[in-house]
Structures are given as C-alpha cells and as structure tokens.
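Some notes on the structure that comes next.
The values are calculated or read from the model by the stated rules, or taken from the named source; none is laboratory data. Predicted model only: the values in this text are computed from it and were never measured. Note that we place each Cβ from the backbone using ideal geometry, even for glycine, and neighbour counts take in every protein chain shown. Just so you know, the surface numbers come from the protein's heavy atoms only, side chains and all, with ligands and any DNA or RNA stripped out. Shrake-Rupley method; radii C 1.70, N 1.55, O 1.52, S 1.80 Å.
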Amino acid sequence: MVVGDIATGTEVLVIGAGPGGYVAAIRAAQKGLDTTLVEKDAYGGACLNRGCIPSKALITGSGLAHEAGNAESMGIHADPAVDMGKMVEWKDGVVDRLTSGVEKLCKANGVNLIEGTASFVDEHTARVAHGGEGQGSESIEFEHAIVATGSRPIQIPGFDFAEDHVWSSAEALDADTVPDRLGIVGGGYIGMELATTYAKLGADVTVVEMLDDILDPYEDDVKRIIRKRAEELGVEFHFGEGASEWSEAPDGGYLLHTETEDGEESTYGADRILVAVGRQPVTDGLDLDEAGIETDDRGFIETDDRTRSAVEHVHAVGDVAGDPMLAHAASKEGIVAAEVIAGEPAALDQQAIPAAVFTDPEIGTVGLTEEEAEADGFDPVVGEMPFNASGRALTTGHTEGFVRLVADDETGYVLGAQIVGPEASELIAEVGLAIEMGATLEDVAATVHTHPTLAEAVMEAAENARGQAIHTLNR
C-alpha cells in the first residue's frame, strides 16, 4: 500500500458506471452481494453524458425546429428561431436528471459508491485514486470484479481534439452556437446522426468518408434512403476520401484536406471539423496485466458467453468487451455478469440484439438480413411494406422507407428485420420480441395491430411474406 492508503473489501467490484456498470452493480446488490461501484467521471457513462441521451435530445430539438419551418403542405407557416444555447441547456437538464437518477438508484439498492480511478494491483486487489490534491487513495480487495470502462472517440493523426475547432462527438453535443460550415470526417452512425442534426439547425454540412458509401454495413437500399434525405437537407458527400490534415483558411475559418487512395487531394472549407470515425475501448490505466488479463489486437477484453475474461472471476461488459458496442447490449451483459457471480445459470443467449440509427428517417434492425440468412443455410422468404402505403405515415408527413421482414420459408420463423422510416427505433422492438420468442410470420400477421399506427406496417410485411398482404402488392 502507498502512504495514506486505506484498505476495504467487497464481494463485487464494478469499475465504471455506464449502462453496463451501473446495471451490473444494481443487479449484484439485488442478489444480496456486497457491491462497490467506482466511477471517475459521471454516473451514466458516455451514454447518458456524452452519447445516446444528449444526442437524441438535440436530434429531437433540431427535428422540431425543422418540422415547424417546413410544414407548409399542412397549412402551417412558421419561421422558428433556434436558441442553441437554450437548447443545450435543456439537453443538459435532461442529462442531469438521468445521471442523478442513476446515482439514487444505486444508493437505493445498497450499492457502495466511490468516486475515483481504479486500477488493478493483482487478481483480487484494486487501487482507487481519488481526484483532487491530497485526496489520497484506497485499496479494495474483491472476490469478483466487473470491468465496464466503456469506450472513447477514436482520434486520427493531425486532428487533436484539444484544438477548439476540432470536435469529437462530445464537443458537437455541447456547442452553444451552430457553425456556418461543419466538416464531418466519417459517415458512420455518429457522423450521420450529427450531420442530420446540424443540417436541420442551419449549418452547411460536408461529409467525407473513406468508403464508397455511408453507414457500412447496412444494406444498399437502406443507405440510399438515408443518403437521399440527407442530400435534401443540404448535406454534401465526398466518398473515397480520407482526412489528411487541416489548415487555416486565408479568408478565415479552416480548410479540411483530404486524399484518395490514388493520391488525389481536395480541400473543403469549414468552421468546425467533427471527427467521427469510431470508438475505441478504454483500458489504459487499468493495469489489466496485473490481474493477468490481456487484450486483443484492438484493445478489447475477450470474454465468454457468461462475460468472464481469461481470469474467471474478472468479468468485462459493454464497449470494453467489444461488439456489439451498444448501450442496451452493455446493460444486458451487466445483468448476466451479476447473475453469474451470484451463482445463477445466466448466459448471453439472446437470439438477436436490435440496433438503431437516429437519422432522418430512422433505421432499426434486428437479426438476419436476407443475405445473412442464406449464408446461414436458411431458405429465406422476405416481405415488405412501404411506408408510403401506410395511412398513419401519410398523416405524419413522413413516408420514406419500408418495413422488411426476413423469415425461414420452411418453418415461417422470423429471422430478422430491417426498418427504415419514421419511428423505426421503436418499431423494431416488436420484431426483436418475435425472434426471441420463436414467433412465425403467421403469429405476427395474426396479431391484431391498432389502426391507424405505424406498427401496422410490420403486420403487413408479415402478410406480404406469406403472399397475403392487403394494403401493398404481394411479391
């Protein structure tokens, strides 16, 4: 121990209070285990503080402003003025409410909370350094540990987030003014969500992407709808180009320099440059080697279907354990980790994990695509329902996209779905439940859906796959 160390003990030590860590801690405490949760920054992790929640708040705000200003066809004429500072203040209020709620829930369930930075000393000991001068540290002996330290934005050479004009997603969500020109490096889900948001807020948005399209690996017809809508909002795309450097522009602002594989160079004017090329696990400073844990070549902690690392009493959940890097997957993994530690026969045995992209329109996916189903040996049957044939979609003014269901032709079991359109992130839950329960196309089609709703499109897609759709032409 270092001078000033105090020593404590716990049955379960959870490192990181994001959606994987705090859920794991609460469930472990619910199982009667003495549980200690260490967080160095803010409860809720990146999801609540710098990702899922703040981004969806700004997406909602920007969407509301854009809707109000573009509803002439409904007889609504408005020219909304956006106070970006006020919108960010509102967003922060949402975040504060949720993060304080996480802290209260942990305390109410009997979780011991410690603020500080944890690192391993050996297989059964961690040291927590408390922030602030003279705050000291403490050693914690544990029987089991759960690593839930999450991920951070990847930084590319020449684009230091310390520069005021170079943004990670965190800075983009905290800006109190809208830049006239926003250059975005990366056309993945983070880049596209923020491209949509800032275009609706009035910025001229330019997206550069090294690949030949956005949103890899979504299917082409899904990507096409999102790209077309973004272009309608004024987003400009340049594919096959990687960001090489930035420089100051002679007339003010900055220049974003790009280069193709063939060496062709281009420059684009920008007042801010958002780098959104992915995320990497946060494992530095944990001293994992002291606990006997190695990471893979990408820095992730390898785990089994019970969330155990190579050292069985040390678990890893969430982004730090690799794909799928989704908050809801992290929470599920956290529950499994806690229940495994409690001696229960828990495992990551879910049939499918849904994913969503909150662009305009939204994307919701779960399970297998038609191509993936064929590769897995199924004889897939596919049904679709376009939203332009949905009465509810027409009444909202949002008719782009479709619901597509993929099922096994022989048994009728639902294997997957791809939804692009209004409220896709909500609609996908029904299909996720169908897959998890082993439901068939007949089960989905026979379930009476409320009219008029967007969810009817799921029912119609099931009927379409069976050749019995009423409100769209059968294949």
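Values as computed for the structure displayed
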| read-out | value |
| --- | --- |
| Hits in the stretch 431-470 - residues which are open to solvent by 60 Å² or more (accessible area, probe 1.4 Å) and farther than 15 Å from Arg392 by Cα | Leu433, Glu436, Met437, Glu442, Asp443, Ala446, Thr447, Val448, Arg466, Gln468, Ile470 |
| In the stretch 439-449, the residues that are touching a strand residue (DSSP E or B) at 6+ places or on another chain (Cβ under 6 Å) and not β-branched (Val, Ile, Thr) | Ala439, Leu441 |
| Check on Ser119, among the polar types (S, T, N, Q), open to solvent by less than 20 Å² (accessible area, probe 1.4 Å) and touching a residue at least 24 places away in the same chain (Cβ under 8 Å) | no |
| Ala46 vs. criteria touching a Cys at 6+ places or on another chain (Cβ under 9 Å) and either open to solvent by less than 30 Å² (accessible area, probe 1.4 Å) or aromatic (Phe, Trp, Tyr) (or both) | yes |
| Residue count, the stretch 416-437 (criterion: in a loop (DSSP other than H, G, I, E, B) and free of Cβ contacts under 8 Å to residues at least 60 places away in the same chain) | 0 |
| Residue within the stretch 417-426 that is more than 25 Å from Gly61 (Cα to Cα), in contact with a helix residue (DSSP H, G or I) (Cβ under 7 Å, 6 or more places away or on another chain) and surrounded by fewer than 22 Cβ atoms within 10 Å (Cβ to Cβ) present | no |
| Condition met for Leu113 (open to solvent by 70 Å² or more (accessible area, probe 1.4 Å), in contact (Cβ under 8 Å) with a residue 24 or more places away in the chain and touching a Leu at 6+ places or on another chain (Cβ under 9 Å)) | no |
| Any hit, the stretch 400-409, residues being free of Cβ contacts under 8 Å to residues at least 60 places away in the same chain, farther than 29 Å from Gly191 by Cβ, outside any loop (DSSP other than H, G, I, E, B) and open to solvent by less than 40 Å² (accessible area, probe 1.4 Å) | yes |
| Positions within the stretch 1-44 being under 21 Å from the mean Cα position of the chain (by Cα), of a type outside the set (A, V, I, L, M) and at pLDDT below 95, in sequence order | Asp41 |
